[in-house]
Amino acid sequence: HAVPIVYAAMAKSGYFPEDELSTLRKIDSRLQGHPSVKDLPGIEASTGSLGQGLSVGLGMALANRMDGRNSTVYVIMGDGEIQEGQIWEAAMTTAHYKVDSLVGILDRNGYQLDGSTEEILDINPVVDKWEAFGWRVLAIDGHDMSQVVEALETPAEAGKPTMIVAKTIK
């Protein structure tokens, strides 16, 4: 659901002309609602269903480890999205394999499709859950850029993935 901002960043970075952004979700446009590796350079995974991002990110981080690349993989998730079972399978696997090069960023705005996360399917205590799954958790104000930058620049804790829980207002 966040792919329009990805497309905007890609256009700004020169992957395609900025005027192509006006074709978003139109017939025959490369800029559809779900990114496709076949349609655009720079897209690394065709996605669509909620909950896929953490598994894809884990695969990328493990591939980097196997190839000897020292890099960090970032995965942005919504708080309604983490109700998906695939998220928790990936969370357990990431901690089990001590993938400390993976950083999750959770947009904790309290809302999903048609209501609050607490009314639809309560995810609290969200910080405690990630910690129980073996992640280091940094809880921040997602609107305070100094906190965002500080969290992103915090060095990895050896053997532990990091989850940044960014409290935001939708």
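The values are calculated or read from the model by the stated rules, or taken from the named source; none is laboratory data. All figures in this text were calculated on a predicted structure; none of them were measured in a lab. Heads up, the Cβs are rebuilt from the backbone with ideal geometry, glycines too, and the neighbour counts pull from every protein chain shown. Ligands, DNA and RNA are stripped out before the accessible areas are found, and what is left, the full protein with its side chains, is counted by its heavy atoms. Shrake-Rupley method; radii C 1.70, N 1.55, O 1.52, S 1.80 Å.
Among 113-125, 97-109, 77-89, sorting by the average number of other beta carbon atoms lying within 10 angstrom of each residue, highest first, gives 97-109, 77-89, 113-125.
Of the trypsin sites (Lys or Arg not before Pro) found in the range 1-39, those that fall in a DSSP loop while having at most 14 other beta-carbon atoms within 10 Å are Arg25, Lys26, Lys38. If only the Cβ of Lys and Arg carry +1 and only the Cβ of Asp and Glu carry -1, the dipole of the chain around its Cα centre is close to 460 debye.
In square angstrom, what is the accessible area per residue of the range 1-90 with a 1.4 angstrom probe?
I get 60 Å² per residue for this part.
Solvent-free Debye calculation, one equal scatterer per alpha-carbon of the chain: log10 I(q)/I(0) at 0.14, 0.15, 0.18, 0.20 Å⁻¹ equals -0.81, -0.93, -1.26, -1.41.
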